[in-house]
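> Sharing a structure here in structure tokens format.
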Amino acid sequence: MKDLLIVKVGGSSISSPDLKLWVASMEKAARPLVLVPGGGPFADVVRRFQPVIGFDDDAAHHMAILAMEQFGRALASLGDRLVAVASMEAIRRELDAGRIPVWMPAKLALRAGEIPRNWSVTSDSLAAWLAGQFSGCSLCLIKQLDMPEGSTLDAISAAGVVDSSFVKLLHPETSVYVAGPSDLTLAAKRLSGGGVPGRAIPRSTCLLYTSDAADDSLR
């Protein structure tokens, strides 16, 4: 779908006063937009009790995806255009209607054999996978930290900003942006103008000049 933007809202934003401001900004988006919820404290409960109860990684993976759906349900209640959906057909239908789908990932992600069923996959990787289902789509990850100038996908992966499966599940044609707290001020303006908040993150240092120049044009 032309100009589609996938926005992953980190679960760590649940306790931030910025969350509702991000939602309000995304409601102003002029381009088609799909929200992917993080797991946040709901997934943290799964991590905490796995060693206590002793369930395996496959069960933990399923439970963490359900944790994303819990946050997703909360997100969908915060905006007038937001609606919870589970299938590709529903995503396209709601986009055509001018609404913003909030992806409930269990139905699709749990039957996708290419997605590892362990803790190497978080909501970042699932957002990357979803973006790969749409040709030429862009992906924006909303984080609670700002990316320094010169950041690359390899660097943020090595630093643990995204999980270890993110780059593997990212489609080569997907453009990646990371938006932090300092990007919120201009987020509504960028989205209402068809842009993307945050800093463009190239795959390697050889693309830094081009990507930074493109990013600066949006500031």
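The values are calculated or read from the model by the stated rules, or taken from the named source; none is laboratory data. This structure is a prediction, so every number in the text was calculated from the model and none was measured. Reconstructed Cβ throughout: ideal geometry from the backbone, glycine too, with neighbour counts over all protein chains shown. All accessible areas refer to the heavy atoms of the entire protein, side chains included, with ligands and DNA or RNA removed. Shrake-Rupley method; radii C 1.70, N 1.55, O 1.52, S 1.80 Å.
For (1) open to solvent by 70 Å² or more (accessible area, probe 1.4 Å); (2) touching a strand residue (DSSP E or B) at 6+ places or on another chain (Cβ under 6 Å); (3) closer than 26 Å to Pro32 by Cβ, each residue gets a yes or a no:
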residue	(1), (2), (3)
Cys140	no, yes, yes
Ala155	no, no, no
Ser164	yes, no, no
Leu169	no, no, yes
Pro172	yes, no, yes
Val176	no, yes, yes
Arg190	no, no, yes
Val196	no, yes, yes
Ala200	no, yes, yes
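> Can you pull out the residues in the stretch 42-61 that are open to solvent by 20 Å² or more (accessible area, probe 1.4 Å), within 18 Å of the chain's Cα centre (by Cα) and of a type outside the set (A, V, I, L, M, F, W, C)?
The initial filter retains those residues of the stretch 42-61 that are open to solvent by 20 Å² or more (accessible area, probe 1.4 Å), namely 42, 44-45, 47-59.
Checking the rest, the ones that are also within 18 Å of the chain's Cα centre (by Cα) come to 42, 44.
Scanning the stretch 42-61 gives a single hit, Asp44.
> Next up: Go through the stretch 138-167 and give me each residue that's outside any loop (DSSP other than H, G, I, E, B), touching a residue at least 40 places away in the same chain (Cβ under 8 Å) and of a type outside the set (A, V, I, L, M).
If we filter the stretch 138-167 for residues that are outside any loop (DSSP other than H, G, I, E, B), which is where we start, we get 138-142, 153-158, 166-167.
Now narrow it down to the ones that are touching a residue at least 40 places away in the same chain (Cβ under 8 Å): 138-142, 153-154, 156, 166.
Listed by number, the residues that qualify are Ser138, Cys140, Asp154, Phe166.
> When you look at Gly150, is it surrounded by fewer than 15 Cβ atoms within 10 Å (Cβ to Cβ), over 16 Å from Val7 (Cβ atoms) and in contact with a helix residue (DSSP H, G or I) (Cβ under 9 Å, 6 or more places away or on another chain), yes or no? Can you show your working first?
Numbers: surrounded by fewer than 15 Cβ atoms within 10 Å (Cβ to Cβ): yes; over 16 Å from Val7 (Cβ atoms): yes; in contact with a helix residue (DSSP H, G or I) (Cβ under 9 Å, 6 or more places away or on another chain): yes.
When the stated conditions are applied, Gly150 passes them.
> For the stretch 83-98, which residues satisfy the criterion of being of a type in the set (A, V, I, L, M) and open to solvent by 20 Å² or more (accessible area, probe 1.4 Å)?
Our first condition is that a residue be of a type in the set (A, V, I, L, M); within the stretch 83-98, this holds for 83-86, 88, 90-91, 95, 97.
Val83, Ala84, Ala86, Met88, Leu95, Ala97 - these are the residues of the stretch 83-98 that are of a type in the set (A, V, I, L, M) and open to solvent by 20 Å² or more (accessible area, probe 1.4 Å).
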